[in-house]
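Here, each number is a calculation from the coordinates, and none is a lab measurement. Because the structure is a prediction, the values reported are computed rather than measured. All Cβ positions, even for glycine, are placed from backbone atoms using ideal geometry, and neighbour counts span all protein chains on display.
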Amino acid sequence: MSISNTKNTTIIAFFLLLQLSVFQLEAQENILKFNHLTVNNGLPQNSVHAIAKDKYGFIWFGTWGGACRYDGYSFKVFRANDNDPTAFADNMIEAIVTDKLKNIWIKTGEPDCLYRYSYENENFKRFSTKNVAPYILNLITKPKAAENNKYKFTFSGSGLKQLNKITGKETLYQVNYNDPFSISDSSIFMSYIDDADNLWIGTRKGGVNQANLNIKPFNYYHADSPGNGLISNEVRAICKDKNGRMWIGSEEMGGTIIENTSQGNKYSYFNNKTFIDNRRVRSLYCDKLGFMWIGTKGGLDKYDPHTKTFKHYAADKQKSGSITSPIIFSILEDSYGILWIGTYSGLAKYDRTNDKFVYVPQPITGGVQIRVIMEDRQKNLWIATEDKGLTKLTRTADKPGEFKSVRYMHIAGKDDSLISNRLYSLAEDNAGMIWIATNLGLSRINPKDNTVKNFFIKDGLPDEIIMGLLFDGKESIWISHKKGLTRMNTRTFELQNFNINDGLQSNEFNQNACFKDGTGEMFFGGQNGLNSFFPNNIHVDKNKPQIVFTQLNVMNQELHVGTKVNDRVILEKSLLSTKEIILSWWDRTFSIEFAALHYANPQGNKYKYKLEGINNQWIFTDASMRTASYSHLPSGTYTFKVYGSNGDGVWSDKPATLRIIILPPWWLSWWAIALYIAIGGFVVLFVYKYISARIEFSKNEAIHKSKLEFFTGISHEFRTPLTLIIDPLEKLISGKLDNDTVKQYHTMMHRNAKQLLLLINQLLDFRKLESGHLTLNMQQSDIIAFVKTAAASFESKAKDREIHFLIESTVSSLITRFDTAKMNMVLNNLLSNAFKFTPDQGEIVINIDILNAENQMVVIKVHDTGVGISDEEQEKVFNLFYQSEHSTSQQEGSGVGLALTKELIQLHDGEIVLESKVGLGTTFTVFLPVSGDQEVPKIGFSPEVLPVQEESVLTESAQLLDSSAELPLLLIVDDNADIRNYIAQNFSNEYRIIIATNGSEGFLKATETIPDIVVSDVMMPVMNGFELCRELKSDERTSHIPVILLTSRQSDESKTEGYETGADAYVTKPFNSNVLLAQIRNLLNQRQRLRELFSQGSDIEIKKIAINVTDEAFLNKVILHIHENLEDEEFNINVLSELLNMSRSQFYRKIKALTNQSLLDFVTTIRMNKALEYLMSGDYNISETAYKVGYSMSSNFTRTFTRHFGVSPSKYIESIRK
């Protein structure tokens, strides 16, 4: 390692000894620091003659400008007023004392009288000295010297003398205008020590001086005069050598060496003019061999205590073994004797053998600007950087010279990372926690799990710019910052803050300018010198402050006793004597000021307050925010509470409390509320009667609606069979039917007559049930055979709809007593319901079983695979008149069947239970008691499929009853086979017939076959007639097809709904087949006339031949496609069909139905009409016109034009010109 600026050893030793021998001083003593209160702070006058403390803790001052009361922050002044009998007559206050009852007595320049202060009224009462107790007069005429157990203070015109009664040492305090904390005036009138050991001094011209006698034992070192004290007040580095000398590095002037001798402290100095090469000292470290290493902004220096010489290591980036940066921030010797150097350009370690430096790679250290190096108890190295966070270096077990590194960084948005990457200082506590000082707060790392905890101002820190950290070896971490010094308990995180008033050099400390020696003494350097102390000697001020309310403002007006707000007095007596205030609704904006009467460090006092009834949590604040404000609070009773602490964090035992009552407005007063209650009662009564009437009305409406639906259902149930009775009868009467048809009609009429009889009997039975006149005709019978016989009547319907219909029974026969007629009705209703809700190709199963219990029961289950019934509907299905809205058939029943079924089963002492899941199906379970003496034979489970019993009905019509393609195609859609077949049979001579059993099937067949007309029932399964009509009219393929709706509904609403869906005709049941036939003919004739009009070739408007807007849009779209492709000779029908997304056959039938033309003729008509338009314009000749309408040869065009219009193009042009 190269050495530069090496001094001659002999010369250096000489100068060093000279320095150490010349400057010999006594240790700097702790002296009182005075705070000054003058007219600039609110004191009425700077000449202070009297001081006292009242019973609340306020300090009173008497001046030549009146008396004033001080709370640590502001003054309340009392002056003479000739117009106020409760005020002084003279402003010259000569004395203020307190009697045994803590009353304040004031002596003014007025002779033979005293004034006593009234705490309650905040004014004074004048007393003649004759009426004042003698001891009070003695207090005024013979004031005592200010003294406590330790000190006694006397004064004169030359200053303040302090006598230490323990040591006998005297200290004289005089004004020093260069020291802001000296006494402000050497001419003193008054001294006073309060019960908290605060010394108060009244001066002639300097106002009030205050100092706390319980000085914290902070030793203070600073630059007093040349050669006396530190070389500079700005301390940057601190260290103690093996001889016990303190080395203090400064920012601009080098350093100071302090040697403690029996004669006092000896000061010597080193700088760039004497021993080192740069005066800006940033780090100091004494290694195990006793060498003092000095890091500056000009390189590294080493002091050898044996030879008393300095050696300089210059920075040289180009030279191997040199340090690469002249700025040295940190120096540390680890447990292995390795000296580590933290520089501006990285981390280096010193090779003692070769006197060289080796740099550690940056990826390991994590940064280049190494601010702090620390070794923990586990011998890990912690490297703090300027802006790259913190790195922990751990030696590998097999290679102690190599390290593993762990990085700790600030990550934005992550609360469990470091607060900042800019680090200033490090410390380790007894638990192995690593504490990190940053520019944004304090962080703590637990190396065991790498968790991070952060501390901010909100956690009690006075400042977030943390400068230095030292651990006291017990349980406290000492934190220096820009606002003083803080002691934090590492276990409870309790804080104790210190500032300049406690004896600190200033409130501002420097980065990592801290050191703890082997004795436990701590040193912190700042902007105005150095403090040293033993942590065990720093005791907490245990004086608990008294909390008082100092000011009340209402509606932004400061209140005094008797002050009126809105013509109303709020404070009848002083705020100090008031426990409760009452505010009107109009005065509910207010603020309360409070103070902790602790004067050692008023600015360090803390507060917490809350308004019970509004705030559940305490609000913490400091001396700068001692006012709580509230506005527009609701009426009610609140309690305001505030606690205060002194500067050492000792809180008051009891809070100051004030009860606040906010009166309600007149509209919320008790009499207004009583009126509201009365009005509300009337309103409730009125609403109750109104709602009751509405409920009754709704019930009647519901009954009316149910009955209406009931009669509508009955109407449908009656009209359908009546249609199949009345119209066939009319045909039978005409006598024009053959024998086979007559027989079929008789059978159909008989079956529908029985259906009518069944409906009538159900209605009569239910009426008897309601009136209680229905009785059972009980007789013994085989219930198993009975169920099979009753089910047989549904086989035909099951076959028609391809429903798997079977019976499963665990017994072959069971004789019991029941009413066969009523049970037939029960089974008929249950099976009708099952078929109604089960789609085609579904399954319906009847299961019969016996429950072996004390009382035997026969169980009959009817299960279907229909749509199921929702939980909400299950509660209603047995109600009279209720009809499900979710039937697959969309066919409304009478609303009587299931209600009657339940009543009939209960008449048999039985029970019916419903189980259903939407989408899975429904099961009705009937429980009937077994009665009679017949023994019940048991057999194994044997499902029995019911045999199909043929019923004489009209033969199902074929899909095409007449093969003649010339006849119009009629689509019949009805779920009733008799209706379908009856219409088909009667109309088969004039129409080709196709049939469908429901709306969905009907729509599918309509799109496939494009019929000429559709006749549809309204009430059908899957899709009803209204929905079918709507679908047909909205589909381009079928929108032109006329639709006739058949229904039993005769109301105007039903007809309106039908026509709104696009129906062309609406026929009610029972209908006459001749009338229906006439309706069909009429609609088809209308369509035919329109088609013929278009096929004549004239250019008529599309909307005149279009049946509806859908057809009009369709034809316009077809014509548009043709116009867009007129000149394309390759454009043909297939291309046009693809453009319309229709099959050629569908397209053909659609155009044929609308225009009575083939597709080719239709396209030709469009082309010719367009050609006619071109020729009439006169802008095109025949050849050009032919080309524009898609003819490459004009001869072909002429031939087509002549055939279409009956005249050649040339003659047509000639006729135009004429």
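Assorted remarks:
- Length-normalised contact order for the chain - Cα pairs under 8 Å, 6+ apart - percent: 5
- Contour excess over end-to-end distance, with Cα ends at I677 and M857 and 0.36 nm allotted per residue: 58.7 nm
- Charge dipole of the chain about the Cα centre (unit charges at C-beta), most positive-ward option of T723, V368, C113: C113
- Summing Cβ point charges (Lys, Arg +1; Asp, Glu -1) relative to the Cα centre of segment 544-592 gives a dipole of roughly 160 debye.
- Global geometry of segment 841-880, whether rounded, prolate or oblate, following the gyration tensor of its Cα atoms and the 1.5 cut on a/c: oblate
- Between R1199 and S1143, the FRET efficiency estimated from the beta carbon spacing at R0 = 35 angstrom works out to 0.65.
- Where the Cα pairs of segment 547-667 fall when distances are cut into 5 Å bins, in %: 2, 11, 22, 23, 19, 12, 7, 3, 1, 0, 0
- Residues S813, S420 arranged by fewest to most Cβ contacts within 10 Å: S813, S420
- Our estimate of slack between N450 and K55, defined as 0.36 nm per intervening residue step minus the Cα-Cα distance, is 136.8 nm.
- Other residues with beta-carbon under 14 Å from the beta-carbon of T550 carry, at +1 per Lys or Arg and -1 per Asp or Glu, a net charge of -2.
- Per the Cα gyration tensor, segment 776-933 maps to an equivalent ellipsoid with semi-axes of 25, 18, 14 Å, ordered largest to smallest.
- Taking label positions 7 Å along the Cα-Cβ direction at both E1184 and E843, the computed distance is 7.7 nm, reported to one decimal.
- Here E802 and S1192 are evaluated by their C-beta separation; at R0 = 56 Å the FRET efficiency comes out at 0.45.
- Fewest-first sequence of H481, H632, H750 by Cβ atoms within 10 Å of each Cβ: H632, H750, H481
- 19 Å reach of a label modelled at N430, 7 Å along Cα-to-Cβ, counting backbone N of segment 502-529: 516-522
- Unit Cα scatterers, Debye sum, segment 414-545: log10 I(q)/I(0) for q = 0.10, 0.18, 0.20 Å⁻¹: -0.29, -0.97, -1.20
- Loop-resident sites, segment 451-558, for GluC sites (Glu not before Pro), counting at most 15 other Cβ within 10 Å (DSSP): E475, E494
- The shape of the chain can be summarised by an equivalent ellipsoid whose semi-axes, obtained from the alpha carbon gyration tensor, come to 110, 50, 38 Å from longest to shortest.
- Placing dummy labels 7 Å off each Cα toward the beta-carbon, the span from L576 to D90 is 2.5 nm.
- Separation in nanometres of the label points that stand 7 Å from Cα toward Cβ, at K1211 and S635: 10.6
- Computed extension length for N439-K150: 99.8 nm, one decimal, from 0.36 nm per residue of separation with the Cα-Cα distance subtracted.
- P(r) tail, segment 35-212: Cα-Cα pairs separated by more than 22 Å, 44% of all pairs.
- Take every DSSP beta bridge whose two residues both sit in the chain; close to 90 percent of them are antiparallel.
- Cα radius of gyration and Dmax for segment 279-421 (Å): 15.6, 56
- Highest to lowest packing among 449-460, 1185-1196, scored as the average C-beta count within 10 Å: 1185-1196, 449-460
- Treating each Cα of segment 103-171 as one equal point scatterer and applying the Debye formula with no solvent, the log10 of I(q)/I(0) at q = 0.13, 0.21 Å⁻¹ comes out as -0.58, -0.87.
- FRET E, pair T307, Y359, Förster distance 25 Å, beta-carbon r, rounded to 0.05: 0.30
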